[in-house]
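Every number in this text was worked out from the coordinates using simple rules, so none of it is lab data. Since the structure is predicted, the reported quantities are computational estimates derived from the model, not experimental observations. Cβ placement follows ideal geometry from the backbone for every residue including glycine, while neighbour counts extend to all protein chains displayed.
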Amino acid sequence: MKKFIVTGGYGFIGSSFIRKLINNKNVQILNIDNLTYAANKKNLDIKKKNLFFKKIDINNFQKVSKIFKTFSPDYVINFAAESHVDRSIDSPKNFFTTNVMGVFNLLEASREYLNTISHKKRKNFRFLHISTDEVYGDLKKNEKPFSEKSPYKPSSPYAASKASSDHLVKAWFRTFQVPILITNCSNNFGPYQHPEKLIPHVIISAINGKKIPIYGNGKQVRDWIHVDDHVDKIKEILFRGKIGNTYNIGANNQLTNLYLVKKICRYLNKKINIKPKGIKNFLHLITFVSDRPGHDTRYAIDNSKIIKEFKFTKKFNFEEKIKNTINWYLANKKWWQNIINKKKYKLKRIGLKRKV
């Protein structure tokens, strides 16, 4: 029986990882989540004897340390993070508290725990830290995609906090021999993503007949990967990755924000005959707004390392998966409506003043 501690398991990517793993009868999973605005228990609306939950803030070292000792994990996968760039501009302190000090506590709890277990169990232990391509900063149009050797040049408070946590993880490997792995992934999409993120935000705004804001000229480029493809690669790296290594995860799927938003609107035009508020075309809802401070123009991932090491051959079908994602949000209005109705959630984005 292998035991997993998953932090942030009620979040978007963490819950996807648990759903992928939970049907294996030879595993036990303890989901640690502080149930912040980004968490949703409906993301894991399943009852399994091998799935457990503890409401714990990773900023509370005593509780984190205690749960390590009582549960005795073989693997720790850290998805817990403040992750929305707009929020990091509004409230940067929260991001450094969770994304840096929270990771520090997890690393220290791991180091403390490793000193209490057998050599065999210590040898098989893994601490996998989930990070982002945003730590690498901005790419110019003709620059090569980010590799694992790219220098860190974070632009936003969010990216800086994640870069800081990556450095902590690497230092705890070098100094204390905590057996770590790091993954830096490109933009994720799929079911159960919080409504403030770009793709669900566009879908929900459109079907509610609200303006769809696009920062600047909309030519910012992102490399989009479906969350299920992301967690498939996380699983491979967790079990087969080389200790101390960083692995970049991407889909070679670079799209401008404007292209993506128009694609969603065109698909919704075909799906929805009777549109809200007398709208004839969802494309007419697109509104260009003042750009976000420090907005990176392009991200792109060079995933040749994981292709070479793990021989990933599965072809990523963006067209199919974006349609499936849109259909999921159309079919699960109750899920996202419950989030929007909460007082602490505001369906907005920074910089909504019209460009002059």
Practice problem: Mind listing the long-range amide H neighbours of ILE180? Cut-off is under 5 Å, sequence gap 5 or more, other chains count too, H placed in the peptide plane at 1.01 Å from N. | Solution: PHE127, GLY244
Quiz item: Taking the Cα atoms only, what angle lies between the long axis of helix 103-114 and the longest principal axis of the chain, rounded to 10 degrees?
Solution: 30 degrees
Quiz item: If you look at just the Cα atoms of the range 1-132, how large are its Rg and its Dmax in Å?
Solution: 14.5, 46
Quiz item: Counting only residues 5 or more places away or on other chains, whose amide H sits under 5 Å from the amide H of GLN220 once H atoms are built in the peptide plane?
Solution: ASN257, LEU258
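Starting from the Kirkwood Rh over alpha-carbon pairs, what translational D in µm² s⁻¹ does the chain have by Stokes-Einstein at 10 °C and 1.306 mPa s? Numbers along the way, then the final one.
On the way: Rh = 21.0 Å.
The Stokes-Einstein estimate is 75 µm²/s.
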Quiz item: Per-residue HN-Hα couplings for the range 24-33, Karplus 6.51 cos²θ - 1.76 cosθ + 1.60 at θ = phi - 60°, whole Hz, x for Gly and Pro?
Solution: 7, 6, 9, 10, 10, 10, 10, 8, 9, 8
Practice problem: Could you go through the range 286-303 in sequence order and give the Karplus-derived ³J(HN,Hα) for each residue, using 6.51 cos²θ - 1.76 cosθ + 1.60 with θ = phi - 60°, rounded to whole Hz, and x for Gly and Pro? | Solution: 5, 10, 7, 10, 4, 5, 6, x, x, 5, 6, 8, 7, 10, 7, 10, 8, 9
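Tell me what the chain gives for mean residue ellipticity at 222 nm when only DSSP H runs of n ≥ 4 count, each as -39,500 (n - 2.57), the sum divided by the residue total, rounded to 500 deg cm²/dmol.
Details: 13 runs with 138 residues, N = 356.
Calculated mean residue ellipticity at 222 nm is -11500 deg cm²/dmol.
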Quiz prompt | Normalised contact order of the chain, rounded percent, pairs of Cα under 8 Å and 6 or more residues apart | solution = 17 percent
Quiz item: Can you list residues whose amide H is under 5 Å from ILE214's amide H, if they're 5+ apart or on another chain and H is modeled 1.01 Å from N?
Solution: THR287, PHE288, VAL289
Self-check item: the range 136-200: GluC sites (Glu not before Pro) in DSSP loop, at most 13 other beta carbons within 10 Å
Solution: GLU143
Practice problem: Throw me the Rg/Rh for the range 59-192, computed over C-alpha atoms with Kirkwood Rh, two decimals. | Solution: 1.00
Quiz prompt | Phi-based couplings in Hz for the range 48-62 (Karplus 6.51, -1.76, 1.60; Gly and Pro marked x) | solution = 9, 5, 9, 10, 10, 9, 9, 7, 9, 8, 5, 7, 9, 4, 4
